[in-house]
Structure formats: structure tokens, C-alpha cells
Amino acid sequence: MSGLFTSLTNASSALNAAQYGLDITGQNIANMNTEGYARRAVTLVEVPAPDGKSGGTVDIGGVQALRDGLLEGRLRTELGAQGQQGSIANALGVVETALGSTGSSLDASLSAFFNSWGQLSADPTSVVARSSVLAQGSQLASTFNALSARFDGAGQNADAEVRSGVTQINALAGQIATLNASIGGATGAEAQALQDKENTALKTLAGLANITVMTRADGGADVTIGNGRALVVGANQYALGLSSTPPSGYAAITTTGGVDITSEMTSGSVGGVLRVRDTLLPDYKSQLDQIAFTVAQQVNTAHQAGYDLNGAAGQAFFTPIAAAAGAAAAISVNPTVAGDVDLVAASGTGTTGDNSNAKTLFDLQNARVVNGTATFVNAWSQLVYKVGSDTATAQTGETTAQDVVTAVQQLRDSISGVSLDQEATNMLMYQRAYQANAKYFNTVNSTLDTLMAMAGN
Amino acid sequence: MRVTFNTVRDGLGNIQSAQEQYAETQWQVSSGLRVRVPSDDPLSAQRAIQDQAQVSGIDAYSQIGDSASARLSSLDSTLGDIVTRLTQALTAAHSAQGTAVSQTTRDAAASTLLAARDAIAGDINTTFNGAYLFSGSNASVEPYSNGSGSWVYQGDANPVTVSVDPNRTVTIGVDGQSVLKGSDATDVLTTLDNLATAAQAGDEAGVAAGVDALNRAFSRATTAQTRVGLDENTLADGTDHLSTLRMAATTQLSNDQDANLADAITKMNQAQIAYQSALGAVSTASKTSLLDYLR
């Protein structure tokens, strides 16, 4: 009698195991599209008969979340590279659009301005030609002003992204610290679910900044940022700070202790926008300023060497600018000259019909005066090339990083991903196991009924 | 390797990539341009700016040439008229030479000479768009005036030139004194005044001296007109040269920024097929599962 009851118990245990297997299969299928979910695998363990003679059964050994720490780490690294290149490409994509198209941007304004001096040289006393010089000079200054403002705007956008990125980093770090606390007190399925969430948060964080993750003994994670600055240690978060720095007002990123770690942020989307904000845009702006400064300087020098229609020495055509920095934003036609067409100094001798100074200014467009090596248009084309080249490099880098991320993701999924075909197979396997065990249960039960009937007789 | 199919990540990524290529080639075909933003081809974008500046520079020279051409035409016709007037004056002066010439003839010759003087004075003070053509660079001042009873040149000796291409210049403002006076002691207007007086008075020596001076003035005027003619030829040559340069620059600009339409259309068709294939592949793959076979 005791043997048949044991058999019933064994069958019940086997039914439980098959049902659990079905549950886990269901969980896997349900989460096949859940970000960060690692496939669960049921471990079944054999339970031998206590007396060593009657039949044994099966028990649930546990459920394992299938993860590869190395691949998860590699994925975070590549996500950082992808985030950096992607944010650079996005930011520069806006910048290069702001440069304007060929023939309708600064190149066109430069050509129109200097060519207006050519027109004036053909008719040096013409009021129309003089007005045209002033109008084109004003247009050129406006183009410089607008481009400078667009670069400033791009810098401010990048700064806003830095601030937003740091806010996200802090939010994620807080989330990870909370999860660490929860993981420490959790076991089994709950701990695994928390680790899935933490992995997702770590991946998002890696896309934002260069972090290093150290797995804790309890399955949680400690995180450092930049050059090993603590961000999360156990349940403690060390939030990053933001402080506006003069004169730009751009944000510097600081640790909880107040150390400026802006220069340490080299990867992730925050690292990317920092590179755009602090390195690339200032470089572009500096080149634009240099062109504007040289235009103002050279035109003023030539204009002041000439004579206006009244025979007086020419005044500065553009309002004098002291230094190259900020020249593109500051350049404007001297209001005194702008208010009187007679003050345009076309003459090189003081006589009204002389056009030698207008010719000098017309020819200035072909002089290699920007840094002593390039004409104005050449210098502008070099800047356009630099922006285009940097953007193309970032776009290529993003594509490459995306390919690497996809490859690593596929490797990671080969271990952690859910295969619907595999789950279908498992489902069938557990279903069949359940059916067989149920049949076995019925058989034992029927045997017991027979035995009971015999006892009743 | 164990393969798991992630429809969202793998499939959508491929669809987007194919769609992006399709959109790009479609833009090239519809716009006719190959470079939309500098990052499409930084080097071509850089060259296109320089090509465009080259075209603008050539157009500027062309516009200067157009303006210079009108001035040169005016100079040419004015100098032609001066030559005509000098010829008439010479004829009149010759008619007054000789002892047998009647006073009536002498008076008529004197009248013709004074009329020629007035005509030449008018010619030499010709303006173009309000600027005097024969004042040298002093274009706002009348070249010759006779306010105090004698003819005075008020311009300067600096001719005004303009560049009609990078290596060619033409003169658009002439030193009037070099035409009417040259190295003579008096200008031709004064000469005509004196000649009229001499012709009327029967001053044979005075008429002879005046005829000599008129011949020299005639020579100077025809030389000046020849120079203007040469400048007009220079301008015509320059215009042809600029046309050639412009064509070369626009061809280069087109090479740098325009799409090869045949190539772009081919690529667009390829991209369209790739896009359709990606859509088909994802929809097919997402339909296939072991679950379909488990009944």
C-alpha cells in the first residue's frame, strides 16, 4: 500500500515539475520582446527513492537566468561608442545644415560684396554702384552674424543635451542604487527579475557615458564613471552635479565632492555632445571668426588707404574689431559710412573718377590673406569641408558602432535571447511530460481503486 | 550559434536602412544634385564652393566688361566725331589759304572753324552716366572750360582703367589734354580760335601754323580712337575668354555637385528592390514559427 501512495506522490511531484516547466516557458514567451530579459531555464533534479528500492521522482532544482557577464560588459562598451558617435553625428547634422547650401551662404555673400567693388570700379561715381557696395557689405555682415548665432545656438543645444544627459545619468544611477538594495534582499525569481531591470538600466547608462560596472557578490552592480569616479556603490548613489561656467554659461559636470570631471566624459552620448560643444563647435566658430576678422581688417585697411567722393581719406568700412574672437558676431558696416554713399572710398588718389581703390578691394577676394594662406572663399570652403568631414566621420563611426552593437547583441541573444521555436519545443516537451505523468497518476489511482475494491469485498 | 530572431531590432533596422538608401537616391533623382549636405561628400562640397566663387568672379568681370563696353562705344563715337570735326576744320583752313581768296570765303572759313571748335568742345566734355569721359580720373569736373576767356583743362593726366578679366584692362577714362593738346603749346580749341582769327585776317603764317597744329591734333585723335578700338577688341577677346572660363567652371561645378542621373536612377531602382526585399523578408520570417506546425 505504502508503495502505491508513494507512486501517487511521485506522480504529483512530476506533474508539478512539468507544470513549472510550462510556466517558465510561458514566462519566456511572454517576455520574448522585453528589453533586458534573460531567458530562464528550468533545472530539474532527480529525486531518488528514499529506500533505494521503489521508484524515484523529479523535483524543481531551480530556475536560472542565462547571462554572459563578458558579453553584457562588451555590449555596454559598444553602446557607449555608438552613443558617442550618434550624438556627434546628430549634432553636426544640424550644424552642417545651418551652413547653408553652396551659392547661397557665406560664399555667395563674400563674392557679391567683393564683386560689387568691381562694379563700382567700372563706374566709380555711380550712386547706384556705391549703394550696392554698402548693401552687399551689410548683407555680408548679416551672414556672418547669422552663422555665428547658429553656431552659438548649436552650442547651447549641445549644452542642453549635456544637462539632460546628466539628469538621466543621475536618474539611472538612483534606479540602480535602489535595485541594488532590492537585489540584496531578494532571492530566486524576484532577484533575477531585478537583475534584468538593472541590466537594462546599465545598458541605457552605458549609452550615455563611459561607465565601468563591477558585479557585486549578491548580483547587484557597482558603477564608476569617467576616470573611476564612484557613481553607485551598493545602495548608495553619488549624484553628479552641474555648474554653469562663465563666460559661455555652459555646464561643467562635477562629482558629489565637487570635482570637475567634464573632461573625463569621453564616451556615450554625453561624451559625444561634450566633444561637439567643447571642441568641434569652438573650432568651427574660431575659423569663422578668423574669416570675419580678416575681412574686416583687410577691407578697412584698403578702404582707409583710399579716398571718398569728397576727396577725404576713407574711413573704416566695417566697425573696427579688436580681436578675432567674436568677430563674426560683431562685424557690421560702419554706421557713418553706411549713412552716406559718398563716404565709400573708391578713389586711390582723391580724385572722384579714380577707381584704383575700388579695384584694390575687388582684387582683395583673390588675395591669400586668411592666416596668410587662403582667400576668404577658400577659408570658408575649408570650414565647410571640416564640418562635412567631421559629420561624415561620425556617421561612419555610428554605423560601424551600430554594426558592432548588433553583432554583440546577437551573441548576447544566442545565450540570453528567447527563441520562439525553442520555447515551442519546450512547451510540447512539458505538455507531453504532464500528459504522461497524469496518465501515470491515473494508472496508480486506478490500481489503488482496484485494491480498495478488493479490500471492500 | 543559437539564433534568436528579433523582429523589431533586426528586421526594422534592415527596413530602415533600405528605406534610407531609397530616400537618398530618390532625392538625388528628383533634385538632380548629388551633394545635399557637406557630409555627403566633403571634398566635392569644398570644391563646389570654390567653383561657385569662380563662376561669380567671372560673372563680375563680365558685368564690368558690359559697363566698359558702353563707355568704350561712347569714347569711340566721340573721338570719331572729333576726327570728323578736325577734318572739317582742316578743309576750312585750307580754303582760307592763298592771297587770291576772297574775304567772303575767309569769313566762311572762320565760321566753320569756330563751329568745329564748339563741336569739339562739346565732344571733349561728353559725359557717361554723369561722369566726364575725358577728364582722366577727375571725372566729376568738366574737362575743358572757357570761363575766363581762355580754354583751361581741368581734368588730370591719369587715365582710368578697369579689369575686364584677371589679365586684361581697358581704359574707360581718357586724359582729354593728351588728345587736344599733347606736346603742343596750346590745345586745339585755342588753336581753332587763333586759326579763325588768322583766316579772317588773311594771316597766311597764322593759318599755316594752325593747319600744322590741326594735323597734329588729327593724328592724336586718330591714335586715341585706335587705342579705344584696341580696347574694344581686348574686351571682345576677354568676353570670349570669360565664356570659355565660365563653361569650364560650371562644368567643374556640375561634376562636383550634380548627380549622374542614369547612375542615380539605377541606384534608386536597386534601393527600391532592396527595400521591398527587406519588407518581404521580415514579413516572411515573422510568419514562420514552429508554433504553426504544432496542432
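Results, tabulated for the structure shown:
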{"item": "Threshold 30 Å², the stretch A:334-354 residues less accessible with all protein chains present than alone (1.4 Å probe)", "result": "A:351, A:352, A:353"}
{"item": "Accessible surface ranking that places the most exposed of A:57, A:349, B:250 first, with a 1.4 angstrom probe", "result": "A:349, B:250, A:57"}
{"item": "Tail beyond 17 Å, pair distance distribution of the stretch B:82-198 (Cα, percent)", "result": "59 percent"}
{"item": "Reachable lysines, given that their alpha-carbon falls under 25 Å from the alpha-carbon of residue A:53 and they are not under 8 places away in the same chain", "result": "A:439"}
{"item": "Virtual spin-label span in nm between residue B:273 and residue B:101, 7 Å along Cα→Cβ", "result": "9.7 nm"}
{"item": "Residue-span extension gain [residue A:46 to residue A:312] - 0.36 nm each, minus C-alpha spacing", "result": "84.9 nm"}
{"item": "Dipole magnitude of chain B about its Cα centre (Cβ charges: Lys, Arg +1; Asp, Glu -1), debye to nearest 20", "result": "1260 debye"}
{"item": "Within chain A: Cβ-based charge dipole about Cα centre, in debye rounded to nearest 20 (Lys, Arg +1; Asp, Glu -1)", "result": "340 debye"}
{"item": "Aspartates and glutamates with Cα under 18 Å of residue A:285, excluding same-chain neighbours fewer than 8 positions away", "result": "A:96, A:107, A:152, A:159, A:390"}
{"item": "Charge dipole (the protein assembly as shown, unit charges on Cβ, about Cα centre) - positive-most of B:124, A:312, A:147", "result": "A:147"}
{"item": "Ellipticity estimate at 222 nm from DSSP helix runs (n ≥ 4, -39,500 (n - 2.57)) divided over chain A, nearest 500", "result": "-21500 deg cm²/dmol"}
{"item": "FRET efficiency, residue B:94 to residue B:250 (Cβ-Cβ, R0 45 Å, nearest 0.05)", "result": "0.15"}
{"item": "Alpha-carbon centroids, the stretch B:145-161 and the stretch A:383-457: separation in whole Å", "result": "103 Å"}
{"item": "Whole-percent carbon and sulfur share, accessible surface of the stretch A:93-179, 1.4 Å", "result": "54 percent"}
{"item": "Area accessible to solvent at residue A:275, 1.4 Å probe radius, in Å²", "result": "100 Å²"}
{"item": "Carbon and sulfur %, accessible surface of the stretch B:12-128 computed with the full protein complex present, 1.4 Å", "result": "48 percent"}
{"item": "Interchain or long-range residues, amide H under 5 Å from residue B:135's placed H", "result": "B:174, B:176"}
{"item": "Net charge dipole size for the stretch A:125-234 [Lys, Arg +1 and Asp, Glu -1 on Cβ; Debye, nearest 20]", "result": "480 debye"}
{"item": "Calculated from backbone phi, Karplus (6.51, -1.76, 1.60) coupling profile of the stretch B:40-55 in Hz, x at Gly/Pro", "result": "4, 6, x, 5, 5, 4, 5, 5, 4, 5, 5, 4, 5, 5, 4, 4"}
{"item": "Under 16 Å from the residue B:141 label point (7 Å along Cα→beta-carbon), backbone N, the stretch A:297-319", "result": "A:308-312"}
{"item": "For peptides B:80-87, B:12-19, sequence by mean Cβ density within 10 Å, most packed first", "result": "B:80-87, B:12-19"}
{"item": "Between the stretch B:118-139 and the stretch B:245-285, the Cα center-to-center distance that results, in Å", "result": "60 Å"}
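The values are calculated or read from the model by the stated rules, or taken from the named source; none is laboratory data. Computed from a predicted structure; not experimentally measured. Reconstructed Cβ throughout: ideal geometry from the backbone, glycine too, with neighbour counts over all protein chains shown. Please note that ligands, DNA and RNA were not included when accessible areas were found on the heavy atoms of the full protein model with its side chains. Shrake-Rupley method; radii C 1.70, N 1.55, O 1.52, S 1.80 Å.
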